[in-house]
Structures are given as C-alpha cells and as structure tokens.
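Rule-based calculations on the coordinates, nothing more; no lab input. The structure presented is a predicted model; accordingly, all values stated were derived computationally and were not measured. FYI the Cβ positions are ideal-geometry reconstructions off the backbone, even for glycines, and counts take in every protein chain you see.
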Amino acid sequence: MIPPPTHEERRRGDELAIADAVSHGITSVQDFSDWEDFLVFEDMEKEGALKVRITEWLPFKDPLSELIKMRTHHDLDDPMLHTGFLKGFMDGSLGSRTAAMKAPFADDPKNSGLPQYTQAQLNAMAVERAKAGFQLGFHAIGDKAAAMALDAYAQPGISTTARNRIEHAQVVDPADIPRFKQLGVIASMQPNHLLTDMNWAEDRLGPTRAAYSYAWKAFLDAGVPLAFGTDYPVEPVTPFRGLYAAVTRMNESGTKAYYPENKITRGQALYTYTQGSAYAEFAEKHKGKLAPGFDADFVLVDRDLYKVDAPAILKTNVLETFVAGKQTYIASANAQ
Ligand SMILES: [Zn+2]
C-alpha cells in the first residue's frame, strides 16, 4: 500500500545514504538501486554534488535489450558514475532458511532452501549475457547456490577473465573453493555479516558446515581473488566493523568466537577492502592504493589500524574523507 517515492523523496533518501557512507570513510560504492536512483545520481553528478564514486549494478533477470539500453545510457569510462555487472539471485538467506543448500538445514531437516533458477535456465541466461559483454555477479548464500553459480560460469562461452563474481559466498563446499580460482571467479564477501549471523549460523548449518562457513582464509589460501564490502543497508555501512570481524571472528563484546581458524591478518583485510575491491571492478590500475597516478581517494582516521587492540578497531572514527582529491567529509563540521 506504500506509494512509490516521489523524485524529491528519492533524492533525499539517496543524499542521506551517501552522507552516511562518506562519514564512515567510504569513497566508492557498488550499488543496486532502481534505475530512477541512477538518474538521481546523474543529476547529482551534473551539479558537482556526487560525493562517492558509484558503480550501478543492473538486474540480471531483465531482458537483454533493456540491459544494453541501460549500459549505453551513460559513459562506461566515467570515473564517478557508471553501470557495472549484472546482479542475479541464486537463493535467499540463511536466517530465513531460504539459502539453497546441498543438504537440509540442521534445524529444519525437510528443508534445503529455495534456489531461484533451474540450472538450465541459469546457464542459458548467463551465456547470453556474458556473450553480450556483461560481467556477472550472483548472490549465493548456500553451498548449492554457489555450486550452481560456478556451474554456470564453467560453461564454454564464459571467459575466465571476465571477473565474474559470487556475492556473499557464505557457505561454500570446500571442494568448490578451488573452482573459484580455476574459473577466475571473485569471492565478494562481507565479514560484518558474521557478527549478525554467528548468533544462529551454527543452528542452521550444524558443526560440520559451520566450520567452513564465512571461510575468508580458505579462499585466500586457495588463491581466490577476494573483495570485501558491507552489504549496506542490511548491515551498518562502516567498514571498521567488518575489519574487526575479519581479523577476530569474535562478536562485538569479545565474548564468543566463531571458528577462528578462518580469521585473516589486518594487512590481508585492509588489502581486500581496498585493492581487492578495486580488482573486482576492473579498477586496480588506478584505485585501491595510494601511489603516483592513482585516484586520490583516501580517509583520515583517529587511530593506527595496524597497531590498536582489536576491540579498538570497532571504535574507529573517520576524521576526513577525500574523493578525487576533494574533501567529501570532515568530522568537526558534522559533529552530532
Ligand atoms: Zn545479495
């Protein structure tokens, strides 16, 4: 019954979301909003008011002709705003037991989740879109969903240099991890999910599968390209909560650990949030590190993330954010 937002309401919402992002040190976002929002971002860009670089995903399930129309609408080489990969959904979520699993949930023995495609449907759509030059990214929470995505990517006609992605990859059969590397598939993961999911993930999965869920280190050890993000607004936008999760695999109060063998180092986590994510959007030659000739996208924070105690990572404050050398946020002017 809620009417769709007016243009003004949409603009206001987008402004608030971007303000939240820059105040937490975000310089580039991958976004999956409505096409109308992309048009709002275009307005902001024309006014010189766009404060983050935006790559807008397009819906995998849309007809190919529509997708091509949207792709040609805006310059793909525009460094502030352009369309990106096609986001498809293989399954649902672990919390709601709609993740597609190879075996039933431990706490719901008759249910193994809800795949959104048959393999045949998925394969045909994936090949058609890949041949039209689109990068693909499939949301996959369960091990069956990840396997379906990998099977689609393994087809002849889909290149191993297309940097196709699997979003979330929360539960992946250890036998499937080497296939990411073989097929050049990026594991795009959000470590902050663990802080929410660790409250019930073990109930859903049972101990065997829980032990290999959210397996950041296993992906890195297998040589799989890894990219980190936050999945905002499912989780808060701050990357520091995810950084803490990646290096501790503990809850925020530090009282409970979740299979700590899959934690990674601070250097690995910071690399994955910056250069890893730049690689995933074909931007690693100019984005993701501070070097001559690279984009001047950077933040100032109030502590040394390599040296502070792990719990102090959670309290990191962003003092200033810069995009393309221009200040997009300063803490004192925005103090609450
Ligand atoms: Zn998703």
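Were the residues from Ile68 through Asp43 laid out at 0.36 nm apart, the gain over their Cα-Cα distance would be 6.9 nm. Ignoring lysines fewer than eight residues from Lys51 along the same chain, the ones with Cα atoms less than 22 angstrom from its Cα are Lys285, Lys287, Lys289, Lys326. Put simply, the Cα atoms of the chain extend 54, 52, 48 Å along their principal axes, the longest span coming first. For the listed peptides 229-236, 190-197, 277-284, 141-148, a ranking on the average number of other beta carbons within 10 Å per residue, highest first, reads 141-148, 190-197, 277-284, 229-236.
Straight-distance candidates among the lysines for linking to Lys315, with alpha-carbon spacing under 21 Å and chain neighbours fewer than 8 residues away dropped: Lys256, Lys263, Lys307. Of all aspartates and glutamates in the structure, those lying under 19 Å Cα to Cα from Lys110, and not within fewer than 8 positions of it along the same chain, are Asp91, Asp143, Glu202, Asp203. Considering only beta bridges that DSSP places wholly inside the chain, some 30 percent are antiparallel.
Taking the Cα centre of the chain as reference, the dipole from Cβ charges on Lys and Arg (+1) and Asp and Glu (-1) amounts to some 980 debye.
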